[in-house]
Every structure is written in structure tokens, then in C-alpha cells.
Amino acid sequence: MADMPMTRHVGIPVAGAEICLEDVPYKHYSTRDTPCTRGEILTRSGHVFKGYYKQPELTNEVLDAAGWFHTGDIGQWNPDGTLMVIDRKKNICKLSQGEYVSPERVEGVYGQSPFVAQVFVLGDSFQNYLEDLRQLALAAKLLPFERAHKLRLHAEQFTPENGLATPTFKPKRFELIKYFSDVIDDMYAEQSKL
């Protein structure tokens, strides 16, 4: 383990801890994925907490009848036996400052603009070049870390026909991330140059 590089993974399981992955079909993560299995990370051991204090409903959401703790993290088993956290089960973004943001909440606010037919939010912080969206964010009392910092306008709507929306026209986040991967990479590259 001493010579194992500690980048991009959380290491190997400690003695006495059981870890398994569970399929997350709506995000296209499967324990049958190759070459690396992927899914929600579940763990159980004597070291895992027994539940939330006086909150049985919340406890039942994360601890199942067999004692498995559902972490909400999406993991991938690497060929060397290490586990890598690659995503979250819920659509929550953790920003570099440590704050958590719900993309759906931000999308809902910006989607109220008459200039926006659909919106897809991923990741970072807000530049004041679209005053209408800034005013919507302020009126909705979005916290500074919940506001969009980089925006790109896209002329084509997300539809079931182009594979970017469900039949009920809800954005398909996994497909949108793939579709806009070059744009997203460019946005983060611009940010790193600042």
C-alpha cells in the first residue's frame, strides 16, 4: 500500500468492513459494467453508524434491513482493488469551497426567465453578464454559491428526439454531460486560466 499512488481513489477496504456496489440504473451505473464495476457504494461493519438520533425515517432511507449503509456516493472498483468515488447518487454538486448545491433548484429558478426555454446546470459559480438571470437568482434568494458562474446558451431545446430529455421533457443529466462534455471542459479550462 505504501507504493500505491493515492490519487483519484479512496484506497482499499479496511479489515472488518464490507463494501459492495449496487446498480443505479437511472444514472447508467451497473455492477456489470466492464472493465470496472460501478454503482452506489454500500458498506457495513461494526464501525458504521446505527442511525440518526431520533430520526427513524431518515435512518431508514440510508440503512437497509440487512444493515447496509447506502452512502449516496457512486463508486467504481478499479482493477487493482481500490475503490474510486466517481459521482453522487443524488444530483448534488459539491463546489470547491465545500458548499453543496442542488442543480435542479438552480435550474428551476433560471428556467423562470422568459428568455430561457430549458436550462441545464452543472458545477461551479456567477458572472454578471445576464442581468435577467442575476435578478431571478436574487429574487429567489439563491445563496452566492448556488448562483451560476459560467453560462453557455444553446439554441436547440432538449427533447426526447435528440436524446437530451425524457418523454416528459425532464433533462437527462447523464446524456447532457456527455453531449456537452467539450463545452464543459472549455468552461473549466477558461476558469483555470484566470
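Tabulated data
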| item | result |
| --- | --- |
| Segment 55-85, subset acidic (D, E) and over 16 Å from E40 (Cβ atoms), residue surrounded by the most Cβ atoms within 10 Å (Cβ to Cβ) | D80 |
| Filtered residues of segment 23-32 (kept if free of Cβ contacts under 8 Å to residues at least 12 places away in the same chain and surrounded by 15 or more Cβ atoms within 10 Å (Cβ to Cβ)) | S30 |
| Hits in segment 153-177 - residues which are modelled with pLDDT of 80 or more, surrounded by fewer than 17 Cβ atoms within 10 Å (Cβ to Cβ) and within 14 Å of A117 (Cα to Cα) | H154, E156, Q157, T159, F169, K170 |
| Failed item, numbered, when D80 is tested on (1) in the same structural domain as L133 (by TED's automatic domain parsing); (2) in contact (Cβ under 8 Å) with a residue 60 or more places away in the chain; (3) in a loop (DSSP other than H, G, I, E, B) | (1) |
| Among (1) hydrophobic (A, V, I, L, M, F, W, C); (2) at pLDDT 85 or above; (3) in the same structural domain as L151 (by TED's automatic domain parsing); (4) in contact with a Gly (Cβ under 9 Å, 6 or more places away or on another chain) - the single one V62 does not satisfy | (3) |
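The values are calculated or read from the model by the stated rules, or taken from the named source; none is laboratory data. Note that the coordinates shown come from a computational prediction; the quantities given were computed from them, not determined experimentally. Neighbour counts are summed over all protein chains in view; Cβ atoms, including those assigned to glycine, are modelled from backbone coordinates with ideal geometry.
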